[in-house]
Structures are given as C-alpha cells and as structure tokens.
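Structure first, commentary second.
The values are calculated or read from the model by the stated rules, or taken from the named source; none is laboratory data. From a predicted model like this one, the values you see are computed outputs, not experimental measurements. All Cβ positions, glycine included, derive from the backbone under ideal geometry; neighbour counts span all protein chains shown. Areas reflect the complete protein model, heavy atoms only, side chains present, ligands, DNA and RNA absent. Shrake-Rupley method; radii C 1.70, N 1.55, O 1.52, S 1.80 Å.
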Amino acid sequence: MSRAFLIVMDSVGIGGAPDADSFFNDGLPDTGANTVGHIAAARPLEMPTLASLGLGSAVRLASGVVAPGLTVPPAGLWGAATEISRGKDTPSGHWEIAGVPVPWEWHFFPDTHPAFPPEVTARICQLAGSDGILGDCHASGTGIIDAEGAAHLRTGRPICYTSADSVLQIAAHEEAFGLDRLIALCQALAPMLHGMRVGRVIARPFTGQLGAFQRTANRRDFAIAPPGRTILDIAQAEGRITHAVGKIGDIFSHRGITHLHKGASDAVLADHLLRLADTSEEGSLTFANFVEFDSNFGHRRDIPGYAGQLEWFDTVAARLIAALRPGDLAVFTADHGNDPSWGGTDHTRERVPVLIHGAGTGEVGHVAFADIGASVLAHLGLPAPDHGRSFL
C-alpha cells in the first residue's frame, strides 16, 4: 500500500478569495491580500521545488498575479483551493481540508478593554485561585508578556488576551505560576469557552525576568472538537496508522491520531517529517502543520523573514520528495493567508495552493478545501469523507 503526506504551510495564501471583501484587518477589507504574491513582488523567491510543482501557476490561477521567481512551467499536479467556512483561522482551514467545513459562526471577543465578559473572567479567577486577571484585551503574545510580565510575577494573576481569531490565550510564568497549573487552568476553562463557540483556549507559558521574558515550547491548545468525521477519523477507523506532526494533534482535539510528533520549531518538525518519510508504515497518513510562516513572520508583518522561511521550507520539500517511495503521495497546501505586506496583524482571507507530487502532472483548477482531504483518502483507497470530491 502507498502512503500519503498532507503538509499544511500555515498561512501561505495565494490571494483571490472571492469573499475577501467581507473579512477585515483593522477595519480594512482583505480584498487584494496575497501572501505569496506580495512577498515575491518585494523580493523574487527562489523555491525551485514548489515552483516546479506549480506554486507560481497556482498564484496566477487564484489571483491573476505573476509571482517573480516562481514562473517555471509546472511539472506536478496543481491547483488553487477556496474555503467556504466563515473564518480565516487555523481550525476552520484545517477542519475543512480534512473534510469538515465549519457549520457555525465562531464567537470572537471584541477589541475593547475589557475584552472578556464578566462570567468568563470570574471563571478564570475561580480556576486560577486569583483575585483578578491581567491583560483582558486584544494583544500580541510577546507584547502582552513584556507589558504585564512584571505585574504577573508580583500578583500571581494570569495574563489573558485574545486576537481577531476565536481564541482565549492565557500566559503564565512556568516557575512562578507553574506549568502544570497553567495547563490545568486552560483545560478546565475550555468546556465553557467551547460552549460559546470559541475555537481554542491556549496555554502560553513563558520564563525569564523583566526585560528578558521568553515564551517556551510548552504551549498547549485546547480546541473544540470537529463536528464531523475528519480524514484522520476515517483512516484510523479503517485500521490505518496516522501521524500528526506539529499542531495537528491540538487542532483536531487529538482525535483520530495514532502517533503525535511535536517540536519547539519548524526545523524540528521538518526532522520528524523526513524521518517519517523513511519509517512510516505502508498505507499510513501523515498530516503535518508548519506554523512559523504564520507565527514568526505573518503576524509580525516581516516580509524578508517570511521570504526566507519559504525558501528554507522549499529545501525541506525537496528532501521529502527525494525520500518518498514509489506510489507515495505528497500534498502541499495552506489553511489561510497572512499577508505580511497587509495592514493590521490578523490572518488574511485568501485562496491556498494545492501542489501534488506523486499523482502525475497537470492542472486540477479551482477546487474546494474539502476536495484536498477527499483526494488524500482516495489515494489511500479509503472511504470518502462526508464533504469533498477527489480530483485525482
């Protein structure tokens, strides 16, 4: 039996979402956002592997933009995928790729101070055993720790913040507050937030002293469970081994996953992926997320950094393809955009690339997110998901 590798390049959008005008950054619509296109316009990209699979052609199909450096004729199977879920967030994109479009509107906290309703704040205080919370606003993770870290150490109050995503994040010092205590707090809070249709409660531990606080790799996400069968559920139910690399376990509430492979950086996750190319079982499904495009460069609006990350990842893709066995399938895609040239700091509503090695050459055209997962299952000879149609 052949294997399948589904790799999500977190936030590597290619523009052209038909409903981008109804999604906003700092009050401005996402119309015209194009993560890869605008990075390539700032500096031509050197990505021979993904370009040869059709990345530049996918950008042009999605948005009409010619991306400098990505104009080689494609030698893979390629297309562009459009999302129907009403979100531009990580869970929505991944769930829909895995065959489960989101059937509800997410709850978002307002960009006010305080951001959280009194009942949520009271529940956090009860669980934390504190007399209040810090933050209580929209903020960047590193910025809020710098701003509130000293008060946190002095008072013991957890630092609570949100963003344009459907999320509540809680930061606390690993030693002074306690890592286990922070994780237990977030886990106990999650059911209340999930009942409100808030997608994730995230534990954000950090260490250090004033002026030198640093987030650690012990982040934990408590995500609402997908409301239907994902490709992971289907593969596992059919007796296949499934491997989750990076955030995939958290995104899918650890459902349908046989083995979890995590790491402190995308470089470590790349090592996991390449090892699995050598060692994973026949008929297995490996589902990977590489988050640093998004977390380190997209949200921080760092165009040179994002460009460098894309070019580094292209070398990972080349090594993966070289390690695959005859009959294996590798699909490279994304879950949303995060155009570093755009206003604000939020994700951007975009189409995403669909780049396929191991299924011949040609154009699949415009497809749905859910068609990606359906095609992966078809390659593995597994039952189709409830949503999506194979383009293989």
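Overview of results
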read-out	value
Residue selected from region 339-365 under the condition surrounded by fewer than 24 Cβ atoms within 10 Å (Cβ to Cβ) and aliphatic (A, V, I, L, M), by the criterion farthest from Ala40 (Cα to Cα)	Ala359
Tally, over region 53-65, of residues that are of a type in the set (A, V, I, L, M), open to solvent by less than 40 Å² (accessible area, probe 1.4 Å) and without any contact (Cβ under 8 Å) to a residue 60 or more places away in the chain	0
Qualifying residue in region 29-52 (condition: at pLDDT below 95, touching a strand residue (DSSP E or B) at 6+ places or on another chain (Cβ under 8 Å) and open to solvent by less than 50 Å² (accessible area, probe 1.4 Å))	no
Which listed residue is outside the structural domain of Ile321 (by the TED database) and not aromatic (Phe, Trp, Tyr), from Ala58, Ala40, Ala122	Ala122
Verdict on Ile159 being in contact (Cβ under 8 Å) with a residue 12 or more places away in the chain, in the same structural domain as Ile145 (by the TED database), crowded, with 18+ Cβ neighbours inside 10 Å and over 23 Å from the mean Cα position of the chain (by Cα)	yes
Residue list for region 29-55, restricted to those being in a loop (DSSP other than H, G, I, E, B) and touching a Leu at 6+ places or on another chain (Cβ under 7 Å)	Leu45, Met47, Gly54
Leading residue by the ranking (nearest to Phe108 (Cα to Cα)) among those in region 140-166 that are hydrophobic (A, V, I, L, M, F, W, C) and touching a helix residue (DSSP H, G or I) at 6+ places or on another chain (Cβ under 9 Å)	Cys160
Cβ pairs under 8 Å, 6+ apart, first in region 271-286 and farther than 11 Å from Leu329 by Cα, second open to solvent by 70 Å² or more (accessible area, probe 1.4 Å) and assigned to a helix (DSSP H, G or I)	Leu274/Arg319
Residue within region 146-166 that is touching a Lys or Arg at 6+ places or on another chain (Cβ under 7 Å), in a strand (DSSP E or B) and β-branched (Val, Ile, Thr) present	no
Test: residue in region 213-231 that is part of a helix (DSSP H, G or I), open to solvent by less than 50 Å² (accessible area, probe 1.4 Å) and within 28 Å of Met9 (Cβ to Cβ)	yes
Residues located in region 1-28, provided they are open to solvent by less than 20 Å² (accessible area, probe 1.4 Å), outside any strand (DSSP E or B) and more than 24 Å from Arg300 (Cα to Cα)	Arg3
Strands (runs of 3 or more DSSP E) contained in region 289-392 and holding at least 3 residues over 22 Å from the mean Cα position of the chain (by Cα) and either modelled with pLDDT of 95 or more or closer than 19 Å to Asp10 by Cα (or both)	362-368
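Residues are listed down the side, and each one gets a yes or a no for (1) under 24 Å from Pro205 (Cβ atoms); (2) β-branched (Val, Ile, Thr); (3) open to solvent by less than 20 Å² (accessible area, probe 1.4 Å):
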position	(1), (2), (3)
Ala67	no, no, yes
Trp78	no, no, no
Arg86	no, no, no
His94	yes, no, yes
Ile97	no, yes, yes
Phe116	yes, no, yes
Val120	yes, yes, yes
Gly129	yes, no, no
